[in-house]
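Worksheet: the structure to be examined is printed underneath.
Only the coordinates and a few stated rules stand behind these numbers; no lab work does. These numbers come from a predicted model, not from an experiment. Cβ placement follows ideal geometry from the backbone for every residue including glycine, while neighbour counts extend to all protein chains displayed.
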Ligand SMILES: [Zn+2]
């Protein structure tokens, strides 16, 4: 016991010593405006971020580190590092170097592309999602030094936030290049700061645009209103029919009674994380985690109709809405899409004309959590945090996880990282808690040791 404890203290101490350097490096990386959309930011920014990642992993023994162009034109950083034990398992480390755009510049309290340390957190776009996870990988490997007991592969992609699927297509075309026994998808986070967790379930989604037409053109609401059918009123009725009065999503054919079996999401914490106003109620009959991770949820993303300013006293002949339906594991996107389409057609009043365009669908994901890698990760989290690993769901989709599952059906896939709820990823004032970077780096280092010990 003692020698193991001393070694852990070593790792913990080494990571603590490495944190000032990690802060400087994260600041360099955050200063690179690597939004993978040339309409918003010059593509050279992504090239610089890719080169930064390549150089830093090349310096850690990834001798073959290189850029690989993916089908959407973005570059992924690839690399590998062999360990001396021939029977050692292979672990693929994943992250992405591109970031979300800053959105509303005025809503940021600090410059978005500058790491600013404030109140114990580091602010800046990408400090958590996902550049903080890149630093987590670097710290874990630096702390281990030469003593990495598994074979490593690396992929750090450059267009994750765009949904253009570059790496997804690349994986399918280059399956052997990234093949591994375990994949650490480091693009999620703990339940809260200091509460270790793996994300084991992701929702899928169906996006549609529904258009309602009732008249050939606008007509005066005084002369015709009352008898002439109103496309906007019809659309509002159809959208209202997607939920019951408690806020449950009630699409015929989709089960909205399932329960979440993993870690609960405390309602008070959720209220605070989501920024609910005083007196505003949570939706649905189930617990927060049931509603987020076990049941379908529909959101109206946008409506095309006359804006208030400039609207006339006229009946709207045509209106459209963009809908986002999130679906839990166990529900196929095709089934959900058909149920949503049928529901909208069925609830359309007055014989109005309804057309539905499907924009995108994505499958849900559920990790298999009874293998040696999950066991090793559970031990590593227990040692690093002195608390057991919880299993969380996540409301968003990561299509790459389904590609990994389909391409490497035997691989264990673990979603983890430094993006706990306070990080406000994708929003203004994104930040990371540096303790999450250091303790998750320790977790990763311990995991690599425990996993090697369990499989060789
Ligand atoms: Zn991310």
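Working ranking of peptides 183-195, 30-42 by packing, defined as the average number of other Cβ atoms within 10 Å per residue, highest first, is 183-195, 30-42.
So, by mean Cβ neighbours within 10 angstrom, what's the order for 440-449, 345-354 with the highest one leading?
Top of the packing list down: 440-449, 345-354.
Here the calculated FRET efficiency for residue 407 and residue 278, from their Cβ-Cβ distance with R0 = 56 Å, stands at 0.70, rounded to the nearest 0.05. Antiparallel versus total DSSP beta bridges in the chain: what percent is that, nearest 5? The antiparallel fraction comes to roughly 70 percent. The Cα atoms of the range 1-149 give a gyration tensor whose axes a ≥ b ≥ c have a/c of 1.5 or more with a/b no greater than b/c, which makes the shape oblate.
Estimated purely from DSSP H runs of n ≥ 4, each contributing -39500 (n - 2.57), the mean residue ellipticity at 222 nm for the chain is -10500 deg cm²/dmol once divided by its residues. Stretched out straight at 0.36 nm per residue, the stretch from residue 24 to residue 117 would grow longer than its current Cα-Cα span by 32.4 nm.
Note on residue 67 and residue 250: the extension gain reaches 61.2 nm, defined as 0.36 nm multiplied by sequence separation minus the Cα-Cα distance. Axis angle, to the nearest 10 degrees, between helix 43-58 and the longest C-alpha principal axis of the chain: 30 degrees.
The antiparallel fraction among DSSP beta bridges confined to the range 76-174 stands at about 55%. The distance separating the Cα centre of the range 240-258 from that of the range 442-456 comes to 44 Å.
The distance from the alpha carbon centre of the range 169-206 to that of the range 86-159 is 14 Å, rounded to a whole number. The residues 146, 218, 69, 436, when put in order of fewest to most other Cβ atoms within 10 Å, stand as 146, 69, 218, 436. Against the longest principal axis of the chain, how steep is helix 333-347, in degrees 0 to 90 to the nearest 10, with axes from Cα atoms? Roughly 20 degrees, rounded to the nearest 10. Using a cut-off of under 20 Å, list every residue of the range 356-375 whose amide N is near the label point 7 Å from the Cα of residue 257 along the Cα-to-beta-carbon line. Those under the cut-off are none; the list is empty. Structural descriptor for the range 179-322: relative contact order 36 percent, calculated from alpha carbon pairs under 8 angstrom and at least 6 residues apart. Peptides 294-306, 83-95, 314-326 ranked from most to least packed, by the mean per-residue count of other Cβ atoms within 10 Å: 314-326, 83-95, 294-306. Take the Cβ atoms of residue 224 and residue 311, set R0 to 22 Å, and the FRET efficiency comes out at 0.85. 7 Å from Cα along Cα→Cβ at both residue 303 and residue 82: what's the point-to-point distance in nm? Roughly 6.3 nm, to one decimal.
In terms of surrounding Cβ atoms within a 10 Å radius of their Cβ, 203, 243 rank from fewest to most as 243, 203. Take the alpha carbon gyration tensor of the range 67-208, find the square roots of its eigenvalues, order them as a ≥ b ≥ c, and report rounded if a/c is under 1.5; if not, report prolate when a/b exceeds b/c, else oblate. Oblate shape, in that a/c is at least 1.5 and b/c is the bigger or equal ratio. For the chain, the longest principal axis of the alpha carbon atoms and the long axis of helix 372-385 meet at an angle near 80°.
What the Cα convex hull of the chain gives, in volume per residue, is 162 Å³. Which shape class applies to the range 349-399: rounded if a/c is under 1.5, otherwise prolate when a/b exceeds b/c and oblate if not, where a ≥ b ≥ c are the square roots of the Cα gyration tensor eigenvalues? Taking the square roots of the gyration eigenvalues as a ≥ b ≥ c, the range 349-399 is prolate. In this structure, residue 285 and residue 353 have a Cβ-Cβ separation that, at R0 = 30 Å, corresponds to a calculated FRET efficiency of about 0.30.
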